[in-house]
Every structure is written in structure tokens, then in C-alpha cells.
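Data first, discussion second: the structure below is written as C-alpha cells.
The values are calculated or read from the model by the stated rules, or taken from the named source; none is laboratory data. All figures in this text were calculated on a predicted structure; none of them were measured in a lab. Please note: Cβ atoms are built from the backbone with ideal geometry, for glycine as well, and neighbour counts cover all protein chains shown. Ligands, DNA and RNA are stripped out before the accessible areas are found, and what is left, the full protein with its side chains, is counted by its heavy atoms. Shrake-Rupley method; radii C 1.70, N 1.55, O 1.52, S 1.80 Å.
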Amino acid sequence: MKCLINCKIILPQGIREDCMILFDSIIRDILPADSTLSDVEYIDGQGLYVSPGLIDVHSHGCIGEDATTSSEEGIRAMCESVATNGVTSWLPTVMTYPLPELSQAFERFRRLYHDCNEHPDTWKGARILGVNMEGPFISKEKKGAHVPEYIQAPDAEYVKPYQDIIRLLTIAPEVPGGMDFIRDIASSTNIRLAVGHTAAGYDLANEAFDAGATEVTHLFNAMTGIHHRDPGTAGAALTRQDVYCELIADTFHIHKGLFQLVADCKKDHLVLITDSMRAAGLPDGSYDLGGQTVEVKGIHCLLPNGTIAGSVLRLNQGVRNLYQNTDLNLWEAIACASLHPARAIGVADRKGSIEAGKDADLILIDEDVQIYKTFVGGKLCYAHSSQDF
């Protein structure tokens, strides 16, 4: 049993400085700081914040690896890498590829998902919660960085055999069969549906939400925007309290001046994501995403035609950007990358907040959301090299 002491604990409704956390693989209790315990390994938090581990529900890759095409070894390497950014669980996200190639990816993730859950003692880094299927059931008009030749009509019968591993799926409701697909998948599986890469207007977007879609994929990007006579998909998502909105808070995909507006509109339905690609964690240069070349310079990731193509954002940076550009408290900004995504994909019973009975996914951070220590299921998997931990 371990016990984190001398720390400021980020709880769902605020920050406590007079407590300590007792945990093994799960959080056993939150006790007064002056409690006396025996047979416990004390861990000095050195006055840092203890936050719930971050959850990235939309990430295509990092450190040269890609969720759709990399080997199992490459995916394991990504799990270790994202843990250095405070991510303790995530949804590797596949792009628009031919269905046989997607099937191969789903089989890889199925094996890895079972491995990290059945053998937690030997697993390294962030846990895989399932897969985010961003393509190929999207609009060619709003394809973004997806290869148009691989886009196809929605196929519920293809998806259903993988419902054990697909946790989130993007759909453009206006494509032929789109609304029927939403109704079928929403009523017959536990897969969460996100409206995205779509040319749908305000009314059709609302129809999709009423039919069972619960989220939008990277708000404002690859969707109809807001006009005062046509609010579009973005307007529908912002004005509904029951719809989760993904936000890439890198200050490039979305101007930081809009962060406050989105936070005010979405409250506990704002979900920070990275939408990171294989260039994340690597120097500027030319990289591949979904079979296309992306030029990376700083926070800009662009196709040759100027289309934005993913990001190199780290999720803790996204939290920092949101925190520094809104009036949110630190614990509220953290929730946008922990408790909110956990609720959005249906794992909040065990993830997303520091509460007794939940998985001991914990990170030590400072006021700037720098990561000093990451625990996944109570096991230390990252410690900042310059700190004496």
C-alpha cells in the first residue's frame, strides 16, 4: 500500500491541502493529513498538486508511430511516451483507410487492450481504453487530412463485430445512410458516436444528436461553422448541454480568444484532446499522416495544400493553454482532460477523478501543469529526471 502526502489534491469539486491519498492499484481512501498508518510506503508530494491522470480520447500517434499502421511494439512505445505528458489512459485513433487495413488495426488493439487489462503488472505506460474510429464514414467535402479515395458509406455490419474495442466513432450524418447508421449503432451497441468531418447544417446536426450521437469531433474543425443565419454543426453542439465537444487547445486549431466562450457554453461537456500525429515529440520536418505528407513547423501541421493535419500538442499543454486563457480554476481545467472525457466515453465509474474505489491513475503536477510523476493503476511509470522522487 502507498500513501501520497504533502500534496494538494485536485478533487472533482476543488482542491484539498489537508489530506493524503491511500492507494494500491485503486484509490483506497482520502484521509486527513495527520492520520497515522502502518505498513505503508509514504510518497512525499513535495507540495505539488496531485491530479487525476489525463485521458486523451483522440490521438493518432506520437514519437514517429501511428495508431492505424504501427506494430504492437510501436503502440506500446506510444503508451509509454504519452505517460510522460500525464496521460494515464487513451483511445488510439485510426484514420480513413481501406476496411481490411482498419480490421488489422482493430485486431492489434484488441490484443493490446486485453494485455494491459489482464497483465497490469507488466504493462508499461498509459492504458488503452479502446479505439477511436475517426474514418471512413465521413464527408468528402469536410475530409480534412483524410484520403478521399478511402471514404465510404457507413456500414453498421462492418462495425458491430468490433464493438468490444471501438469505443468512439465519427460519423457525418448527411452522407447516404448516415442517419440510419446512427440510429442502428446507438440502439444496438455501446459505441459512442461523434458528429464530425461533416457538412451537416444546424437542423440535421440536432437530428443526429436526438438519434443518439453524443459528441462532436474537434469542434469548429472539419464541420460547418457558426453563421448568424445558419448556426451549423458547431452552433448545434455549442447550444446543447447534452453534447460533448472535443477541443484541440493548441491555440492554432482554435484561437485562444474563443476558449472562454467554449468553456462557458459547454461547462462539464468540454473535452480536451490532442489529435496528435506521429510528429508529436519529434523535431520539425516532413511526416506521414493517413498516407499523406504533413509539414510540421512549431505548432503548425499542414498538408501541401495548406489543410491543417493533426497536431503535435501534448495533453498537459492543452490543459495549461485552457487554464491560462480562461477564468477556469486549475481543477476545472484538469477536469476537461480527465473527468469529462471519462464521462464522454463511459468510463467515469473507474477513471477521471480522485475518488475512493477508482483506479489509482494519478499525476503530480505544478501550477503550469508540468508533469513530475505519473502513476497508472498505482504503478509508477514516469518520474521527471530532475526531481528527487
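A few remarks follow.
- Rolling a 1.4 Å probe over the protein heavy atoms gives segment 22-104 an accessible area of 35 Å² per residue.
- With every protein chain in place, the chain: carbon and sulfur % of accessible area (1.4 Å): 47
- For segment 127-199, the alpha-carbon coordinates run over 31, 29, 17 Å along the three principal axes, in decreasing order.
- Net length gained if the chain between residue 26 and residue 124 were fully extended (0.36 nm per residue, minus Cα distance): 33.6 nm
- 1.4 Å probe accessible area per residue over segment 167-225, in Å²: 31
- Charge dipole (the chain, unit charges on Cβ, about Cα centre) - positive-most of 63, 244, 365: 244
- Over the chain, the Kirkwood radius and the radius of gyration, each from Cα atoms, give a ratio Rg/Rh of 0.96.
- Taking the Cα centre of segment 199-355 as reference, the dipole from Cβ charges on Lys and Arg (+1) and Asp and Glu (-1) amounts to some 360 debye.
- Inter-part distance where segment 1-43 and segment 241-281 are each reduced to a Cα centre, Å: 31
- All-pairs alpha carbon distance profile, segment 84-190, 10 Å steps from 0, percent: 14, 42, 30, 12, 1
- q = 0.18, 0.19 Å⁻¹, segment 125-262: log10 I(q)/I(0) [Debye, one scatterer per Cα]: -1.00, -1.10
- The charge dipole of segment 200-256, taken about the Cα centre with unit charges on the Cβ atoms of Lys, Arg (+1) and Asp, Glu (-1), comes to about 240 debye, rounded to the nearest 20.
- Pairs from the list 143/266; 160/373; 143/373; 297/373; 140/358; 266/351 with a Cα-Cα gap above 32 Å: 160/373; 143/373; 140/358.
- Net charge dipole size for the chain [Lys, Arg +1 and Asp, Glu -1 on Cβ; Debye, nearest 20]: 240
- Its Cα gyration tensor gives segment 297-368 an equivalent ellipsoid. The semi-axes, each the square root of 5 times an eigenvalue, are 28, 16, 11 Å from largest down.
- Spin-label model, residue 39 to residue 284: label points 7 Å out along the Cα-to-beta-carbon direction sit 5.8 nm apart.
- At a probe radius of 1.4 angstrom, the accessible area of segment 243-335 per residue rounds to 38 square angstrom.
- Taking all protein chains as shown and a probe of 1.4 angstrom, residue 164 keeps an accessible surface of around 80 Å².
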